[in-house]
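Undergrad: Encoded as structure tokens, here's the structure I'll be asking about.
The values are calculated or read from the model by the stated rules, or taken from the named source; none is laboratory data. The structure displayed is predicted, hence computed values, not measured ones. Cβ placement follows ideal geometry from the backbone for every residue including glycine, while neighbour counts extend to all protein chains displayed. Surface accessibility is based on the protein's heavy atoms, side chains included, excluding ligands, DNA and RNA. Shrake-Rupley method; radii C 1.70, N 1.55, O 1.52, S 1.80 Å.
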Amino acid sequence: MGDLLKVTIDNITVEVPNGTTILQAARLVGGEVAPPAMCYYSKLEGSGGKCRTCLVEVSKGSEKDPRPMPKLVASCRTTVMDGMEVKNITSDRVLDARAGVVEFLLLNHPLDCPICDQAGECHLQDLSYEHGKSGTRYEFQRRTFKKHDLGDYIQLHMTRCILCYRCVFTADQLTKTREHGVLDRGDHAEIATFIEKNLQNDFIGNVIDVCPVGALTDKTFRFKNRVWFTKPVDAHRECTTCCGEVQLWMRGDEVFRVTARKDEWGEVKESTKGGTGWICNTCRFEKKQATDWVIEGPSEVSRHSVIGQGHYVNTVKPKETFTDVMKGLEPRLYMDIHDISEVNKPEVSLSLLDRPAHSTDFGKK
Amino acid sequence: MGVKLLLEKAHVEGIRYYDVYRREGGYRSVEKALKTMSPEAIVEEVKKSGLRGRGGAGFPTGMKWSFIAKPEGVPRHLVCNADESEPGTFKDRYLMEFIPHLLLEGLIVSSFALGSNATYIYIRGEYAWITDILEQAITEAKNAGWLGKNILGTGFDCEIYVQRGAGAYICGEETALIESLEGKRGNPRIKPPFPAIKGVWDRPTVVNNVETLAAVVPIINLGGDEYAKIGVGRSTGTKLISACGNIKKPGVYEIDMTISVEEFIFSDEYCGGMANGKRLKACIPGGSSVPILPANLLLKTAKGETRIMNYESLSDGGFATGSMMGSGGFIVLDEDQCIVKNTYTLARFYRHESCGQCSPCREGTGWMEKILKRLDEGKGSMSDIDLLWDIQRKIEGNTICPLGDAAAWPVAAAIRHFRDEFEWHVLHPERCTTENYGLRHYADPVYVPA
Ligand SMILES: Cc1cc2nc3c(=O)[nH]c(=O)nc-3n(C[C@H](O)[C@H](O)[C@H](O)COP(=O)(O)O)c2cc1C
Ligand code: SF4
Ligand code: SF4
Ligand code: FES
């Protein structure tokens, strides 16, 4: 190991090895000091630098060359120098630029969270909550795209995409085929597969896990349940293709969804067998019986998302009641997700999770 | 007549062909450089010449060359940026079309200086016929022994390949160009690493503009010190200016950087004055990306000094009252031109050409375009002007490559200098669609008889 470098971020000093990025160093400090990252993904080579949410101010370049950097820099792609001083939430310039980036990212976003499967675990929801404004200054029609099926298991809602390129890197690096990429450019760019070709590779399902928004969704889970009504448990099985270590999203004894295990930054965790815990399509899409799995126990969801109950402090509940809004009509079923999310309640046993919606309700035509 | 170093022979009959070019003294610099100079000595001459990149940024070329990494056993490459897609810029096209061997000559000397055995010309896709001209010139040069193996018996090998782009402005940005050259999508790379360390196929690479590389020929022939005597201050040598817009004689002019903007626009040697007896309203002096200047700030700086056609003088006053030399695309607007429409046209271009990688540029360019369209059609509001200002401010400096800045600057400058014209559009929603705001207080100080 080489010498450690000292870097100070928002007045907190940490020591990191040479080659560490500002973002990684800030994550060591954690909390609000860690800049939000929508495109960077530590497990994907070449990722980062694009969304610009992680911009920070370098107020001192290094011990040797203390000059500040003139522009804000992308912390995910800028490496630390010894003696560097960085301002994230202590810099008004950063907060101003970041508010701008959030506005840009939401500009053409459909805001269809109520019908989006990602709602509840969406990084864009978090970002907007933490750094955005409640209104938009955009008064034009938002751009639209048709939905596309990328093979049997994955659906692409390009309207929701923030062009972070994570799925492109995933498809490139996990599947070693160049069949998933970006067509066209600018605000008309879109994620596409080579001549509408199905993505059939064994590992392609991982693009769903890396997608920070609801642009890539699991067709075997679409509209089946809201994530905050399901309960994640760690489980594994013997798999010859992948590590077989997953999270099952259950309700009662029913498995609604299978995903890879995620760490506190929303990234796929290291597998206990070494390497990144990417999972194969068979585990993800086909093993939907509880009996397919050895259940280890409830997973800790440490991500600070909607589904982590109590995350959204200080949100004001609207004064109008549903009955007011609906002009006297009683909705058949309504709920406040802040009261109902079951995800982070290990004490609630699975069998108690039964209402308000169960897949059998969906079965009734 | 000013000094001409690049286009002096451009109109000699048949100069496009090797025999005539050679008879007129062509390829002397290759003989001199390869036979009597070391690569380091050439870099030294270029440094002494004070040559600054002609592609837009004006970075000192000799210094750029000295940054190239030289790891043992790794090939290095020189890439000529002939993507020329900036609206208003058409100087490289002229040079390559009329005197292609000058570029090849510069490329061979520069390749020798940088140790590039495989040199690429990345040319704008729409310049299809120029690709043919260059290919033919390369064949001729090769047959005459200036390219290929063991050039002039010196042991130096060099091949030049022409690669056509596919119609994207962004591929003129040097790292997007490199991606495209490698056969990938032309997205700019995130820097560092810079091309001098990791460029084409991760090898050390220098990317230079066509005109920059052509200027190496007179630098070697005259010597760096002599070259540096032409021009003033840090604006040495000659510069090609492509002039267009409402002038009598649009075209490509070679200037030494001592003449005034006024002389350039109004003298018969250059633009020949305003066309149709109109008066000067504004000018974008360095290609569409640089700030627009109203006539009163164009001919004289804010300090009241005469503005000269060179790097320092054009940028005098910073962005508040100055502009930039840029790529030398000189766009002149007369009293009949509408600044709002002009800005909208530029915004449309940048929206269309953004690669879409980073969110401020991808989303911000489209947003600015829509607001400008609304203002142009008389449907805008006063708050739109402030909103535009805020959007451009949030794009500038926050993107991966300078296209974001290039999209922000024209909008910022238009609002800075012509805010009253934008407001007039808001206040006169009907009139602004049928008549023009005109000259108002931007009148040129020079009287031009009708
Ligand atoms: C969006 C964009 C487009 C560009 N287009 C061109 C171009 O067409 N030709 C060019 O020579 N330089 C272009 N440049 C500048 C190049 O990135 C680079 O600075 C230049 O080729 C370096 O050459 P020089 O040092 O000889 O000027 C462009 C830059 C940007 C950001
Ligand atoms: S589909 Fe998702 S992962 Fe892919 S670029 Fe869009 S937002 Fe990123
Ligand atoms: S600034 Fe624009 S053109 Fe440049 S990398 Fe970003 S999106 Fe692409
Ligand atoms: S996370 Fe750094 S730019 Fe997106």
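Undergrad: Would you check if B:SER289 is in a loop (DSSP other than H, G, I, E, B) and within 29 Å of B:CYS80 (Cα to Cα)?
TA: Values: in a loop (DSSP other than H, G, I, E, B): yes; within 29 Å of B:CYS80 (Cα to Cα): yes.
So B:SER289 passes the test.
Undergrad: Taking the range B:115-124 on its own, how many of its residues are under 20 Å from the mean Cα position of the chain (by Cα) and either open to solvent by less than 10 Å² (accessible area, probe 1.4 Å) or not assigned by TED's automatic domain parsing to the domain that holds B:GLU44 (or both)?
TA: Step one: list which residues in the range B:115-124 are under 20 Å from the mean Cα position of the chain (by Cα), which gives B:120-124.
From what's left, either open to solvent by less than 10 Å² (accessible area, probe 1.4 Å) or not assigned by TED's automatic domain parsing to the domain that holds B:GLU44 (or both): B:121-123.
Result for the range B:115-124: 3.
Undergrad: Do you know which residues across the range A:193-216 are out of contact with any Cys (no Cβ under 8 Å at 6 or more places or on another chain), under 26 Å from A:CYS76 (Cα atoms) and not in a helix (DSSP H, G or I)?
TA: From the range A:193-216, those out of contact with any Cys (no Cβ under 8 Å at 6 or more places or on another chain) are A:193-201, A:204, A:206, A:208-209; that's our starting set.
From what's left, under 26 Å from A:CYS76 (Cα atoms): A:204, A:206, A:208-209.
Once the filter is applied, which keeps residues that are out of contact with any Cys (no Cβ under 8 Å at 6 or more places or on another chain), under 26 Å from A:CYS76 (Cα atoms) and not in a helix (DSSP H, G or I), the range A:193-216 yields only A:ILE204.
Undergrad: Another question about this same structure. A:PHE221 - would you say it is open to solvent by less than 20 Å² (accessible area, probe 1.4 Å) and part of a helix (DSSP H, G or I)?
TA: Working: open to solvent by less than 20 Å² (accessible area, probe 1.4 Å): yes; part of a helix (DSSP H, G or I): no.
No: the conditions fail for A:PHE221.
Undergrad: Just name the residue that is farthest from B:CYS401 (Cα to Cα) out of those in the range A:17-34 that are open to solvent by 10 Å² or more (accessible area, probe 1.4 Å) and within 14 Å of chain B (Cβ to nearest Cβ). Give the derivation first.
TA: The initial filter retains those residues of the range A:17-34 that are open to solvent by 10 Å² or more (accessible area, probe 1.4 Å), namely A:17-21, A:24, A:27-34.
Add one more test, that the residue is within 14 Å of chain B (Cβ to nearest Cβ), and what stays is A:19, A:21.
Details: A:GLY19: 23, A:THR21: 20 Å.
My answer is A:GLY19.
Undergrad: Among the numbered conditions (1) more than 14 Å from ligand 3 (Cβ to nearest atom); (2) farther than 15 Å from B:ASN342 by Cβ; (3) of a type in the set (A, V, I, L, M), tell me where B:ALA412 comes up short.
TA: (2)
Undergrad: I need the full set of residues from the range A:224-246 which are open to solvent by less than 10 Å² (accessible area, probe 1.4 Å) and in a strand (DSSP E or B), in order please.
TA: A:LYS231, A:PRO232, A:VAL233, A:ALA235, A:VAL246
Undergrad: Take the range A:123-137 and flag every residue that is out of contact with any helix residue (DSSP H, G or I) (no Cβ under 7 Å at 6 or more places or on another chain) and closer than 25 Å to A:PHE221 by Cα.
TA: Within the range A:123-137, A:HIS123, A:ASP126 meet the criteria.
Undergrad: Which condition number does B:ASP316 fail, the rest of (1) in contact with a Pro (Cβ under 9 Å, 6 or more places away or on another chain); (2) without any contact (Cβ under 8 Å) to a residue 24 or more places away in the chain being met?
TA: In the conditions (1) in contact with a Pro (Cβ under 9 Å, 6 or more places away or on another chain); (2) without any contact (Cβ under 8 Å) to a residue 24 or more places away in the chain, B:ASP316 misses (1) alone.
Undergrad: Now, a different point. Mind listing whichever residues of the range A:87-117 are more than 9 Å from chain B (Cβ to nearest Cβ) and outside any helix (DSSP H, G or I)?
TA: A:LYS87, A:ASN88, A:ILE89, A:THR90, A:SER91, A:HIS109, A:PRO110, A:LEU111, A:ASP112, A:CYS116, A:ASP117, listed by residue number.
Undergrad: In the list A:LYS50, A:LYS43, A:LYS71, which residue meets the criterion of being among the basic types (Lys, Arg), part of a loop (DSSP other than H, G, I, E, B), within 14 Å of chain B (Cβ to nearest Cβ) and within 30 Å of A:LYS269 (Cβ to Cβ)?
TA: Details: A:LYS43 fails: within 14 Å of chain B (Cβ to nearest Cβ); A:LYS71 fails: within 30 Å of A:LYS269 (Cβ to Cβ).
After ruling out the rest, the residue left standing is A:LYS50.
Let's see how each residue does on (1) farther than 26 Å from B:ASN436 by Cβ; (2) at the interface with chain A (Cβ under 8 Å from one of its Cβ atoms); (3) assigned to a helix (DSSP H, G or I); (4) more than 16 Å from ligand 4 (Cβ to nearest atom):
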site: B:ASN342; (1), (2), (3), (4): no, no, yes, yes
site: B:LYS370; (1), (2), (3), (4): no, yes, yes, yes
site: B:LEU375; (1), (2), (3), (4): no, no, yes, yes
site: B:LYS394; (1), (2), (3), (4): yes, yes, yes, no
site: B:ASN398; (1), (2), (3), (4): yes, yes, no, no
site: B:ALA406; (1), (2), (3), (4): yes, no, yes, yes
site: B:GLU423; (1), (2), (3), (4): no, no, yes, yes
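Undergrad: Within the set of pairs 6 or more residues apart or between chains, which connect a residue that is at positive phi inside the range B:90-110 to a residue that is open to solvent by 10 Å² or more (accessible area, probe 1.4 Å) with Cβ atoms less than 8 Å apart?
TA: Final answer for the pair search is none.
Undergrad: Taking B:LEU375, is it among the aliphatic types (A, V, I, L, M), buried (at least 21 other Cβ atoms within 10 Å of the Cβ), modelled with pLDDT of 95 or more and within 15 Å of ligand 1 (Cβ to nearest atom)?
TA: no
Undergrad: Next up: Taking into account only those residues within the range B:211-247 that are more than 16 Å from ligand 1 (Cβ to nearest atom) and at positive phi, which is farthest from the other protein chains (Cβ to nearest Cβ)?
TA: Of everything passing the filter in the range B:211-247, B:GLY223 is farthest from the other protein chains (Cβ to nearest Cβ).
Undergrad: Then there is this: Is it fair to say B:THR236 is open to solvent by less than 40 Å² (accessible area, probe 1.4 Å), hydroxyl-bearing (Ser, Thr, Tyr), in contact with a helix residue (DSSP H, G or I) (Cβ under 8 Å, 6 or more places away or on another chain) and modelled with pLDDT under 95? Step through it out loud before you land on a result.
TA: Numbers: open to solvent by less than 40 Å² (accessible area, probe 1.4 Å): yes; hydroxyl-bearing (Ser, Thr, Tyr): yes; in contact with a helix residue (DSSP H, G or I) (Cβ under 8 Å, 6 or more places away or on another chain): yes; modelled with pLDDT under 95: no.
No; evaluated as a whole, the condition is false for this residue.
Undergrad: Restricting attention to the range B:249-263, report how many residues are under 20 Å from B:GLU312 (Cβ atoms) and in contact with a helix residue (DSSP H, G or I) (Cβ under 6 Å, 6 or more places away or on another chain). Steps first, please.
TA: Let us first name the residues in the range B:249-263 that are under 20 Å from B:GLU312 (Cβ atoms), namely B:253-263.
Filter once more, so that each one left must be in contact with a helix residue (DSSP H, G or I) (Cβ under 6 Å, 6 or more places away or on another chain): B:261-262.
Counting residues in the range B:249-263 that are under 20 Å from B:GLU312 (Cβ atoms) and in contact with a helix residue (DSSP H, G or I) (Cβ under 6 Å, 6 or more places away or on another chain) gives 2.
Undergrad: Right, next: Within the range B:161-188, which residues are within 18 Å of B:LEU134 (Cβ to Cβ) and within 11 Å of ligand 3 (Cβ to nearest atom)?
TA: B:CYS171, B:GLY172
Undergrad: Something else now. Using the structure shown, decide if B:GLU363 is within 7 Å of chain A (Cβ to nearest Cβ) and either over 28 Å from the mean Cα position of the chain (by Cα) or surrounded by 22 or more Cβ atoms within 10 Å (Cβ to Cβ) (or both). Steps first, please.
TA: Values: within 7 Å of chain A (Cβ to nearest Cβ): yes; either over 28 Å from the mean Cα position of the chain (by Cα) or surrounded by 22 or more Cβ atoms within 10 Å (Cβ to Cβ) (or both): yes.
Yes; evaluated as a whole, the condition is true for this residue.
Undergrad: How many of the residues making up the range A:53-68 are in a loop (DSSP other than H, G, I, E, B), within 14 Å of chain B (Cβ to nearest Cβ) and either surrounded by fewer than 24 Cβ atoms within 10 Å (Cβ to Cβ) or free of Cβ contacts under 8 Å to residues at least 12 places away in the same chain (or both)? Explain how you work it out, then say what you get.
TA: Step one: of the range A:53-68, the residues in a loop (DSSP other than H, G, I, E, B) are A:53-54, A:61-68.
Next cut, within 14 Å of chain B (Cβ to nearest Cβ) only: A:53-54, A:61, A:68.
Among the residues that remain, those that are also either surrounded by fewer than 24 Cβ atoms within 10 Å (Cβ to Cβ) or free of Cβ contacts under 8 Å to residues at least 12 places away in the same chain (or both) are: A:61, A:68.
Residues that pass the stated criteria total 2.
Undergrad: Name, by its number, the condition in (1) crowded, with 21+ Cβ neighbours inside 10 Å; (2) in contact with a helix residue (DSSP H, G or I) (Cβ under 7 Å, 6 or more places away or on another chain); (3) closer than 26 Å to A:CYS76 by Cβ that does not hold for A:VAL182.
TA: With (1) crowded, with 21+ Cβ neighbours inside 10 Å; (2) in contact with a helix residue (DSSP H, G or I) (Cβ under 7 Å, 6 or more places away or on another chain); (3) closer than 26 Å to A:CYS76 by Cβ applied to A:VAL182, the lone miss is (1).
Undergrad: Quick one: B:PHE330 ticks every box in (1) open to solvent by 30 Å² or more (accessible area, probe 1.4 Å); (2) more than 14 Å from chain A (Cβ to nearest Cβ) bar one, so which box is it?
TA: (1)
Undergrad: If you don't mind, another one. From the list A:GLY61, A:GLY49, A:GLY83, A:GLY31, pick out the single residue that is within 16 Å of ligand 3 (Cβ to nearest atom) and not hydroxyl-bearing (Ser, Thr, Tyr).
TA: Working: A:GLY61 fails: within 16 Å of ligand 3 (Cβ to nearest atom); A:GLY83 fails: within 16 Å of ligand 3 (Cβ to nearest atom); A:GLY31 fails: within 16 Å of ligand 3 (Cβ to nearest atom).
Going through A:GLY61, A:GLY49, A:GLY83, A:GLY31 in turn, just one is within 16 Å of ligand 3 (Cβ to nearest atom) and not hydroxyl-bearing (Ser, Thr, Tyr): A:GLY49.
Undergrad: Which one of these does A:LEU163 not meet: (1) assigned to a loop (DSSP other than H, G, I, E, B); (2) surrounded by 16 or more Cβ atoms within 10 Å (Cβ to Cβ); (3) not assigned by TED's automatic domain parsing to the domain that holds A:ASN201?
TA: It is condition (3) that A:LEU163 fails.
Undergrad: Any idea which of (1) within 18 Å of the chain's Cα centre (by Cα); (2) farther than 26 Å from B:PRO188 by Cα; (3) part of a loop (DSSP other than H, G, I, E, B); (4) not hydroxyl-bearing (Ser, Thr, Tyr) is the one A:ARG27 doesn't satisfy?
TA: Only one criterion is unmet by A:ARG27, namely (3).
Undergrad: What number of residues within the range B:299-321 satisfy the criterion of being farther than 21 Å from B:ARG419 by Cα and surrounded by fewer than 14 Cβ atoms within 10 Å (Cβ to Cβ)?
TA: 4
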